[in-house]
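All remarks here apply to the structure that follows.
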């Protein structure tokens with residue numbers, strides 16, 4: 001899988017306020033211009049969770065262009081051609097997704113929802129940190145896959161394995 005352009009990756013979640021935003025931001029930071037990440041939700045919250053923003057800023061990852069948006073934006077004719085689509089929450093994994101042009105590879109990389117964490121702000125920060133670490137680990141493996149050497153079936157198996165790590 002090689003192209004002259006960066007490979008487009010869409011991360012999906014229901015609210016597009018925490019996990020998918022974290023994944024988009026991490027991949028754009030570590031993807032070495034090989035990847036362009038996006039995120040969206042089936043029922044977007046309308047704003048990015050402030051704990052996600054705080055954590056990304058603490059890790060010196062740009063947040064200025066982040067916004068909570070509908071996955072409908074990526075199902076229109078002039079949307080970016082997607083190479084990969086990952087669901088990062090259990091709710092979105094069970095939903096009927098739009099048909100993505102180009103038949104991108106997809107996998108489910110479920111992560112517990114840090115936005116659902118209850119308790120003190122410190123406990124909420126710990127939940128966000130845990131989600132961030134899990135996504136960072138998976139995305140580090142993903143960006144280091146020898147994509148040009150894997151056929152579609154082998155790559156799909158690798159993506160599924162990453163989601164189980």
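Here are the numbers for the structure shown:
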read-out: Tally, over segment 3-31, of residues that are part of a loop (DSSP other than H, G, I, E, B) and under 19 Å from residue 49 (Cα atoms); value: 5
read-out: Identity of the residue in segment 1-13, at pLDDT below 95 and crowded, with 24+ Cβ neighbours inside 10 Å, that ends up farthest from residue 158 (Cα to Cα); value: 13
read-out: Selection from segment 17-59 of residues that are buried (at least 20 other Cβ atoms within 10 Å of the Cβ) and closer than 23 Å to residue 103 by Cβ; value: 20, 23, 24, 27, 37, 38, 39, 40, 41, 42
read-out: Search result, residues across segment 51-71 that are in contact (Cβ under 8 Å) with a residue 60 or more places away in the chain and over 21 Å from residue 122 (Cα atoms); value: 71
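The values are calculated or read from the model by the stated rules, or taken from the named source; none is laboratory data. Not measured: the values here are computed from a predicted model. Reconstructed Cβ throughout: ideal geometry from the backbone, glycine too, with neighbour counts over all protein chains shown.
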